[in-house]
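Asks: Following this message is one structure expressed as structure tokens.
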Amino acid sequence: MDNGLIDIRHTGRLGRITLNRPAALNALNMDMLDRIDACLRAWRDDGAVETVLIDSASPRAFCAGGDIRAIRDRLATHGLEAGAMPFRRSYRLAATLAGYPKPVVSFMDGIAMGGGIGLGGHVRYRIVTERAVLAMPETAIALTPDAGGSYLLSRAPGLSGLRLALTGGRMNATMALDAGFADRMAHSTSLDAIRQALTHTPAGRVMDSLPPCPPMPGGPDTATIATVYNAPDMPDLLRRLQAHEADWARDDLAAMARACPFSLCLTLAAYRAARTLPDLDHVLEQEFQLVCHLLLRPDFAEGVRARLIDKDNAPNWRPECVDAVSPHEIAACLHDHACSPLGLSTAGPDRR
């Protein structure tokens with residue numbers, strides 16, 4: 001049972017799903033995923049619910065992603081299919097939210113990363129605040145952007161999405177809007193008023209009534225990063241970063257130095273493949289197979305140990321550098337199934 005980790009209520013026109021696991025930054029476990037899914041199924045045909053809101057009880061985080069430690073334990077104890085099950089549930093939930101027949105609103109206030117993007121980043125109305133911190137930081141624990149994150153990244157302007165995918169770069173509200181991870185910015189002090197408005201007013205009308213917010217600082221423009229990120233492969237991309245004198249290039253290089261080399265190479269290939277896929281469901285299928293391959297590699301357990309358990313931030317990656325990563329292994333991850341498919345039913349036009 002979720003032991004109160006999800007609060008569900010219905011007020012007026014609004015059905016509200018509130019994440020309430022603040023000590024874990026609302027990291028999603030299996031019970032939480034199942035309860036959200038069951039709630040959405042119940043509300044789908046409930047005429048009294050016209051709009052769904054997903055938010056957090058904590059101002060610190062919307063959702064920091066999946067419960068990675070629990071996934072590592074499931075994998076070690078029960079094997080790949082069990083370890084991959086939280087990803088399977090999370091991706092199917094992302095597809096459900098993207099195709100939901102009623103308006104869904106997400107308040108990505110505070111931290112929204114990894115699986116948190118899967119929960120809040122594919123709905124119809126995505127609101128960020130001045131406290132928002134969005135990212136897909138998976139390469140640091142030997143995974144790759146997932147939960148539909150690589151879909152959003154592959155559709156971001158220029159090569160900005162590739163940069164975010166490889167570095168795990170953090171986006172403020174303005175950067176999230178520019179990258180296509182959000183639709184509107186609202187000040188955190190206005191969220192209660194927006195919730196109240198949604199109880200009696202159609203979501204689209206509420207969104208249209210939101211006042212503009214002052215922009216926050218952005219990152220380097222797409223033309224500036226293109227000379228680095230249009231590299232043919234990871235070794236060349238790193239060499240271009242090393243030769244670049246800008247502060248952002250040094251920061252990017254430092255971020256990639258902390259990431260898993262195999263994950264960096266796979267993420268580059270996955271980003272390019274995602275750009276050719278027609279819709280979110282196809283990208284989710286690709287992401288799921290890639291994650292299953294990565295769960296089988298020793299780098300995943302090592303990354304979780306170094307980043308989340310021992311916190312020594314000194315993972316022993318295998319191989320140690322991108323030059324030693326086998327292109328054949330990368331190709332195999334993209335073309336061979338490691339687990340049974342998600343079996344998503346919607347494989348039609350782009351739904352966003």
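Asks: Give me a count of the residues in the stretch 153-176 that are in contact with a strand residue (DSSP E or B) (Cβ under 6 Å, 6 or more places away or on another chain) and surrounded by fewer than 20 Cβ atoms within 10 Å (Cβ to Cβ). Talk me through it step by step, then tell me what you get.
Replies: Within the stretch 153-176, the first condition is being in contact with a strand residue (DSSP E or B) (Cβ under 6 Å, 6 or more places away or on another chain), and the residues that meet it are 168, 170-171, 173, 176.
Subset that is surrounded by fewer than 20 Cβ atoms within 10 Å (Cβ to Cβ): 170.
Number of matching residues: 1.
So that you can scan it fast, the table gives a plain yes or no per residue for (1) of a type outside the set (Val, Ile, Thr); (2) touching a helix residue (DSSP H, G or I) at 6+ places or on another chain (Cβ under 6 Å); (3) at pLDDT below 95; (4) within 25 Å of Gly343 (Cα to Cα):
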| position | (1), (2), (3), (4) |
| --- | --- |
| Ala84 | yes, yes, no, yes |
| Ser90 | yes, yes, no, yes |
| Ile117 | no, yes, no, yes |
| Gly120 | yes, no, no, yes |
| Tyr125 | yes, yes, no, no |
| Ala135 | yes, no, no, no |
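Asks: Can you name every residue in the stretch 85-110 that is part of a loop (DSSP other than H, G, I, E, B) and either touching a residue at least 60 places away in the same chain (Cβ under 8 Å) or surrounded by 22 or more Cβ atoms within 10 Å (Cβ to Cβ) (or both)?
Replies: Matches in the stretch 85-110: Gly99, Tyr100, Pro103, Asp109, Gly110.
Asks: Which of the residues spanning the stretch 207-224 are hydrophobic (A, V, I, L, M, F, W, C), closer than 22 Å to Gly169 by Cα and either touching a helix residue (DSSP H, G or I) at 6+ places or on another chain (Cβ under 6 Å) or assigned to a loop (DSSP other than H, G, I, E, B) (or both)?
Replies: Met216
Asks: Counting only residues that are assigned to a loop (DSSP other than H, G, I, E, B) and of a type in the set (Gly, Ala, Ser), which one in the stretch 176-190 is nearest to Glu130 (Cα to Cα)?
Replies: Looking at residues that are assigned to a loop (DSSP other than H, G, I, E, B) and of a type in the set (Gly, Ala, Ser), I get Ala186.
Asks: Every residue in the stretch 12-31 that is exposed (fewer than 14 other Cβ atoms within 10 Å of the Cβ) and in a strand (DSSP E or B), please.
Replies: Result: no residue meets the conditions.
Asks: Residues being touching a residue at least 40 places away in the same chain (Cβ under 8 Å) and surrounded by fewer than 12 Cβ atoms within 10 Å (Cβ to Cβ): count how many of those fall in the stretch 212-258.
Replies: 2
Asks: Here's a follow-up. Looking at Leu143, Leu166, which one is assigned to a helix (DSSP H, G or I) and not small (Gly, Ala, Ser)? So that I can check it myself, show each step before the final result.
Replies: Details: Leu143 fails: assigned to a helix (DSSP H, G or I).
Within the list Leu143, Leu166, the selection yields Leu166.
Asks: Can you give me the ranges of the helices (runs of 4 or more DSSP H) entirely in the stretch 225-301 with at least 2 residues that are closer than 22 Å to Ala147 by Cα and of a type in the set (D, E, K, R)?
Replies: It comes to 280-296.
Asks: Do you know which residues across the stretch 267-291 are closer than 14 Å to Leu237 by Cα and buried (at least 24 other Cβ atoms within 10 Å of the Cβ)?
Replies: Thr267
Asks: Let me ask something else. With the requirement that a residue be more than 14 Å from the chain's Cα centre (by Cα) and buried (at least 17 other Cβ atoms within 10 Å of the Cβ), what does the stretch 62-84 give you?
Replies: Residues satisfying the conditions are Ile71, Arg72, Arg74, Leu75, Gly83, Ala84.
Asks: While we're looking at this one, here's another question. Determine which member of the set Asp34, Asp46, Asp7 is assigned to a loop (DSSP other than H, G, I, E, B) and either more than 18 Å from Ser90 (Cβ to Cβ) or under 22 Å from the mean Cα position of the chain (by Cα) (or both).
Replies: Asp46
The values are calculated or read from the model by the stated rules, or taken from the named source; none is laboratory data. Just so it is clear, the model here is predicted, and its values are computed rather than measured. Don't worry about glycine lacking a Cβ; one is built from the backbone with ideal geometry, like all the others, and counts go over all protein chains shown.
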